[in-house]
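The values are calculated or read from the model by the stated rules, or taken from the named source; none is laboratory data. Every value quoted in this text rests on a predicted model; they were computed, and no experiment measured them. With ideal geometry, Cβ positions are generated from the backbone for all residues, glycine too; neighbour counts draw on all protein chains shown. Heavy atoms of the whole protein, side chains included, go into the accessibility calculation; ligands, DNA and RNA do not. Shrake-Rupley method; radii C 1.70, N 1.55, O 1.52, S 1.80 Å.
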Amino acid sequence: MILKVSPIKSLQGRIHLPASKSYSIRAHIIAGCGGSSQIKKPSDCQDALVAQKVAKALKSHSKVFSVGESGTTLRFLLPLLALHTTGAKVEGKGTLVGRPNAHLCATLRQQGMDIKGHGPKESVPIIYRGGALKAGRVIVDGSLSSQFISALLIALPSLPVDSRVILTGKELVSQDYIQMTIQILAKTGIVIKKISAREYAVKGNQEFKGLKNFYVPSDYGLAAFAMAAAALLPSKITLQGNLDDELVQSDGHILEFLKKMGVRFEKTSKAIKMKGPFDLKGGTFSLKNCPDLVPIMSVLGLFAKGQTRLIDIHHARAKESDRISDLRKELLKVGASVSESKDALTISPRASYKSGQTLFAHHDHRLAMAFTILGAKIGCRVDGIESSHKSYPHFVNDMKTLGVL
């Protein structure tokens with residue numbers, strides 16, 4: 001579906017921020033491991049709903065699991081198969097087809113599971129033919145996705161023997177997401193000890209006691225789109241939600257990035273208030289721990305004074321799209337000056353940009369939403385806006401409320 005976005009003069013109003021997709025998925029999967037849980041106000045996005053269904057299927061010892069397009073749910077599920085079934089097929093679709101799981105599958109085979117994905121990347125479908133998941137010294141490559149590590153930290157506590165998870169790989173990515181997993185596990189009574197950035201100690205025979213009443217925090221990564229719009233245009237907005245920072249969020253880095261760019265806002269545990277626009281400053285930003293912010297930070301960079309460099313983002317190539325090459329390809333259509341390397345994007349601002357271009361979202365929800373914000377500034381057509389349902393089903397309605405659309 002194509003969404004036409006016209007340049008706007010200003011935006012104002014208030015919206016209630018959606019719940020964190022990442023915490024909702026973790027809460028559903030971990031709740032499915034045992035104990036009593038009440039998950040309050042979880043995300044209703046496609047990926048979170050898939051995780052909820054998968055958690056129920058685990059409890060019923062299903063033989064077929066459908067994970068939709070949710071890479072997080074897929075990775076969390078794989079080691080848990082050995083604890084809940086004697087054999088299973090894991091199916092996925094859309095953007096999940098072709099996404100890599102080879103590092104995790106190799107580790108699971110090393111630990112005793114007979115599991116194999118499709119093709120050299122071991123994408124979906126993935127077949128588990130039996131075999132136990134063995135505890136002990138577990139070695140996994142942490143250079144592509146933190147989800148592989150989180151998956152193991154969820155499964156290993158149920159085994160009868162203690163484990164050590166050892167991370168290999170030249171550069172570890174998305175470490176904040178591992179901390180997110182550890183924090184949710186702690187709420188259900190599971191203790192994970194971080195020895196170092198590359199080693200975690202996991203005691204065996206731990207009991208999942210349930211999350212009791214868990215109120216899912218609001219999603220900073222999704223708040224980033226409205227905040228970016230308010231930074232670029234005359235604005236007065238209020239973003240309400242559960243913004244208590246007790247629970248770490250990788251995409252919470254958007255707050256420090258915006259401050260570094262010269263954006264000011266008021267934040268409490270219940271709301272973010274902004275009055276824009278701001279004269280944005282470029283700079284160098286490491287997105288090693290928050291690759292989901294690459295698209296919206298790129299859009300902000302188009303209008304910043306001086307060059308904007310987004311570095312340490314090689315793992316952004318293995319998301320729903322190649323968030324380096326695909327993003328650059330679309331931004332070139334509006335006349336942007338964008339160059340790429342293996343793990344970086346460099347954006348140099350231009351005095352003006354082409355209006356009315358059709359930008360293809362590449363089936364990537366974050367590209368679709370970032371292009372919508374760009375359209376509010378210069379005007380464009382977003383081809384594939386429906387992909388926003390993956391993480392933010394109310395995105396279009398919320399943007400209409402604020403006057404972005």
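Things worth noting here:
- Pick from the stretch 299-322, criterion of a type in the set (A, V, I, L, M) and assigned to a strand (DSSP E or B), ranking: surrounded by the fewest Cβ atoms within 10 Å (Cβ to Cβ): Ile311
- Residue that is of a type outside the set (A, V, I, L, M, F, W, C) and without any contact (Cβ under 8 Å) to a residue 60 or more places away in the chain, where the choices are Ser62, Ser36: Ser62
- Neighbours by Cβ (under 6 Å, 6+ apart or cross-chain): first from the stretch 45-57, in a helix (DSSP H, G or I); second hydroxyl-bearing (Ser, Thr, Tyr): Asp47/Ser70; Ala48/Ser24; Val50/Ser70; Val50/Thr73; Ala51/Thr73; Val54/Thr73
- Of all the numbered requirements in (1) open to solvent by 10 Å² or more (accessible area, probe 1.4 Å); (2) within 30 Å of Ser36 (Cβ to Cβ); (3) not in a strand (DSSP E or B), Thr95 misses one, and that requirement is (2).
- Residue that is nearest to Ile8 (Cα to Cα), among those in the stretch 342-369 that are touching a strand residue (DSSP E or B) at 6+ places or on another chain (Cβ under 9 Å) and part of a helix (DSSP H, G or I): Met369
- Residue count, the stretch 104-129 (criterion: more than 16 Å from Val140 (Cα to Cα) and of a type in the set (Asp, Glu)): 1
- With respect to (1) among the aliphatic types (A, V, I, L, M); (2) touching a residue at least 60 places away in the same chain (Cβ under 8 Å); (3) over 18 Å from Ser145 (Cβ atoms), the lone exception for Ala318 is condition (3).
- Condition check for Lys193: at negative phi, over 23 Å from the mean Cα position of the chain (by Cα) and without any contact (Cβ under 8 Å) to a residue 12 or more places away in the chain: yes
- The residues in the stretch 145-173 that are crowded, with 23+ Cβ neighbours inside 10 Å, among the hydroxyl-bearing types (Ser, Thr, Tyr) and farther than 23 Å from Lys209 by Cβ can be counted, and the count is 2.
- Matching residues, the stretch 337-354, being within 16 Å of Arg309 (Cβ to Cβ), of a type outside the set (Val, Ile, Thr), in contact (Cβ under 8 Å) with a residue 24 or more places away in the chain and open to solvent by less than 60 Å² (accessible area, probe 1.4 Å): Asp343, Ala344, Leu345, Ser348, Pro349
- Taking the criterion of being among the hydrophobic types (A, V, I, L, M, F, W, C) and open to solvent by 30 Å² or more (accessible area, probe 1.4 Å), the only residue of the stretch 4-27 that qualifies is Ile8.
- Taking the stretch 269-298 as the range and being assigned to a loop (DSSP other than H, G, I, E, B) and closer than 20 Å to Gln249 by Cα as the test, the residues that pass are Ser269, Lys270, Leu287, Lys288, Asn289, Cys290.
- Residue check for Ile190: open to solvent by less than 20 Å² (accessible area, probe 1.4 Å) and assigned to a loop (DSSP other than H, G, I, E, B): yes
- Here the stretch 58-90 is the region considered, the condition is being part of a strand (DSSP E or B) and more than 20 Å from the chain's Cα centre (by Cα), and the residue that is surrounded by the fewest Cβ atoms within 10 Å (Cβ to Cβ) is Val64.
- Residue within the stretch 382-391 that is over 17 Å from Ile2 (Cα atoms), open to solvent by 20 Å² or more (accessible area, probe 1.4 Å) and among the small types (Gly, Ala, Ser) present: no
- Any hit, the stretch 28-42, residues being closer than 30 Å to Ile378 by Cβ, within 19 Å of the chain's Cα centre (by Cα) and open to solvent by 10 Å² or more (accessible area, probe 1.4 Å): no
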